[in-house]
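The values are calculated or read from the model by the stated rules, or taken from the named source; none is laboratory data. Note that the structure is a prediction, hence the values are computed from the model and not measured. Cβ placement follows ideal geometry from the backbone for every residue including glycine, while neighbour counts extend to all protein chains displayed.
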Amino acid sequence: MCPSLRRTCLSLLRLLLTSLLMLGVAACSTLQRDPLHIDLVGLEPLPGQGLEARFAVKLRVQNPNDAAIDYNGVALQLEVNGQPLASGVSDQRGQVPRFGEALLSVPVSISAFSALRQAWRLSAYAPLQGVPYVLRGKLAGGLLNTVRFTDKGVLNWPEPAQKP
């Protein structure tokens, strides 16, 4: 192989590798998103079967990103006091617009055994103050577009009004 052809091939190879590296860095930067903000805004009873309780959990999902999030399924899990309490899924489709919000409704089930376990463990908390919870979920959007979220906090019920 002549030296000038070899130099040309090496120059093209460097250019190609540099271009691929820049493309990879650009692709990774578009995958970074700010986390979604999730608020529980409602809980409506649904008909249950047998000893289960069912509710429609209403979530407000806020998207602080510059790109809309398309989803084609939702899954939720709720833990209270470190124990699973409720879970649910929905095959609903939709979009959370860029710098916007959407209201989702996900049916969840609570088994009688989960409710009994929670009642037993919650009896240790005097007026049900400071009970930790974790809400985990995901908005399914395909291989690269699934968005997972977690919300943690403490349940503090209002104190009853004291009579003078």
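Scanning segment 106-120 for residues that are surrounded by fewer than 17 Cβ atoms within 10 Å (Cβ to Cβ) and more than 13 Å from Gly48 (Cβ to Cβ) returns Phe113, Leu116, Arg117, Ala119, Trp120. Any idea which residue in segment 78-104 is farthest from Arg136 (Cα to Cα), counting only those that are in contact (Cβ under 8 Å) with a residue 60 or more places away in the chain and crowded, with 16+ Cβ neighbours inside 10 Å? Among those residues, the one meeting the criterion is Val96.
For segment 22-86, the strands (runs of 3 or more DSSP E) that sit wholly inside it and include 1 or more residues that are touching a strand residue (DSSP E or B) at 6+ places or on another chain (Cβ under 6 Å), small (Gly, Ala, Ser) and modelled with pLDDT of 85 or more are 53-63, 74-80. It is to be established whether one or more residues within segment 96-111 are under 24 Å from Lys58 (Cβ atoms), part of a helix (DSSP H, G or I) and either at pLDDT 80 or above or among the small types (Gly, Ala, Ser) (or both). Scanning segment 96-111, I find no residue that is under 24 Å from Lys58 (Cβ atoms), part of a helix (DSSP H, G or I) and either at pLDDT 80 or above or among the small types (Gly, Ala, Ser) (or both), so the answer is no.
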